[in-house]
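Comments concern the structure below.
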Amino acid sequence: MNRITGGMWADLQRLNRTAMIPHAVQWMTRLGWVANFDRAAAGERYDHRGREFADSEIYKIIEAISLEHLRSGPSELDAVADDLAGRVAAAQEPDGYLHTLFGRPWQRPRYSDFTWGHELYCAGHLLQAAVAHHRAYRSTTLLDVAVRLADHICVMFGPHGLNRVCGHAEIELALVALYRETRERRYLDQAALFVDRRGHGTLPLIEFGRAFAQDDLPVRKATVLRGHAVRALYLAAGAVDVAVETGDDELLAALKTQWQNTVDRRTYVTGGMGSHHMDEAFGEDFVLPADRSYCETCAGVASIMFSRRLLLATGESRYADQIERTLYNILATAPGDDGRSFFYANTLHQRHPGGDVPVNDDGVSIRGGAGERQPWYEVSCCAPNLARTLAGLDDYVATADNEGIRIHQYMSSTLEATIGGSPFTLDVTTDYPTTGTITVTVTQAPAVPATITLRQPEWSPSTPGRTRVWSPGDTFTVDLDLRERVTRPDHRVDAVRGCVAVQRGPDVLALESVDLPAGWALADAVLVSADPAVLRHQETGEEATVPLIPYRRWARRGPSAMRVWIPLDQTVAPPR
Ligand SMILES: [Zn+2]
């Protein structure tokens, strides 16, 4: 058991409970997405509100509230989860089917639109919500719904059922989660079947190609993620779950290869994934334009889900490194300081302050391209996804095994394990990433030797593990080197050739126009030196020292232009 006790992530978790979750519930209620369930339950004819996946947002919020309950105990949100769970349960059909947009006499038939219908996708989110709800409240209200829905799916899509997959992966990882909660083997078998069934062209060919929904290539044959980023990452996460639970080493090896190639060639320095706005998709290798970076917040969430599963499966720190990069530069970037606004896309280069999408406090916004955080979007997958991830973040801090505790993320926290039948508990205190000082204090210790391992970030000197017989009160301190470091892009990323990015610890830094001297345009500033950042104005030759800020802090002082990749001054280092 881990618990985050202080620092920026504890602040974000508090903001999540007090603002982000209530904000999401308010919007989903206001837009009629919750009422879809009531009207479905009443059996009346109704106009469905929201998009095909609106049901899933309610499920994600139930999951978020449940995880929040597990994290911080009872609150006024419990009644909200209870209410939502009851309304969802009431809308389930007698045969277990559950979706508010399909299957009623005046609606499109069930399973008539695998490409865009999101029926199994929504089912997957219901299953995840039900597992969290069951753990939090020991109530079977939603778990019973999930079991009936999963049983329905196993009949409809089992070995003798429809040979189809959902256009948006999600059901795979959710079925494994339900299997883990119930130990009902057929849910795992169905998940494995869905994973193996994808990639054989059972989905209709659409304008974005078969790769959009990963239906171009079997999962175990692919070498890199492609197509719609969130779809690809959810599928990969579910496939790791299947591989781990079934002992499928071939599948696991394929996913490790895909992860590495994707991180090396198709991922922004921020950890952001997906450079295509048109189809929210991965670009080809090294297609990583800063000013057309999409980097959907949900892709950040999904990337963390994929990396976390590989971390648990292998123990390799590169996965925790990538989680950290994505946490600090995507997940911490998206929410506004008030918890009532969000980035959907996380660009690395905003050319014009505010962009071309105005903030709309009183209505839904178009999803991509906004240069400011928006209260709500027509497609609002990201806000509830952030909410459930922040609520469950304690699990990411450390893991325990028979030898001891492995600390993966540096956050003030209490960590608990059981070694040789005795409790082993640690207190971690740090103001990371403000400084790199991390103090670990043993608060309870077993009589046998135990190991404390701290992840060595890819950018810092070694932090070796320590194995010994510990006593309560034993303490040690690790200092990570947080000096700013200059990163050059891979030479194959044409879009940022001649630029550098500056990083400090887990933070990618950004140059924001509000910090420039009066009269300077962002596009005219080139970097002379990095620490401190000295910039030269291209036309006048004037030089100025300008602070670079953590990327996650951008657009918090009003609309601004911003860039992560900063052009180097060519007059200082002429090309040879
Ligand atoms: Zn999203």
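What the table below lists for this structure:
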item	result
Sum of side-chain charges, Leu251 neighbourhood, beta-carbon under 13 Å (Lys, Arg +1; Asp, Glu -1)	-2
Antiparallel DSSP beta bridges within the chain, percent to nearest 5	90 percent
Rg to Rh quotient for the chain, alpha carbon positions, Kirkwood Rh	0.97
Alpha-carbon centroid distance for the pair region 509-547 / region 255-306, whole angstrom	28 Å
Helical mean residue ellipticity (222 nm; -39500 (n - 2.57) per DSSP H run of 4+; nearest 500) of the chain	-11000 deg cm²/dmol
Local net charge near Gln92, Cβ-Cβ under 12 Å (Lys/Arg +1, Asp/Glu -1)	-3
Average accessible area per residue (Å²) across the chain - probe 1.4 Å, nucleic acids and ligands excluded	37 Å²
Heavy-atom accessible surface of the chain: percent carbon and sulfur, 1.4 Å	50 percent
Region 426-573 - percent relative contact order, Cα under 8 Å, separation 6 or more	19 percent
Rg/Rh for region 6-127, where both radii come from Cα atoms and Rh is the Kirkwood radius	1.02
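The values are calculated or read from the model by the stated rules, or taken from the named source; none is laboratory data. In this text, all values refer to a predicted model and were calculated from it rather than measured experimentally. Note that we place each Cβ from the backbone using ideal geometry, even for glycine, and neighbour counts take in every protein chain shown. To get the accessible areas, we keep the full protein, side chains included, count just its heavy atoms, and leave off ligands, DNA and RNA. Shrake-Rupley method; radii C 1.70, N 1.55, O 1.52, S 1.80 Å.
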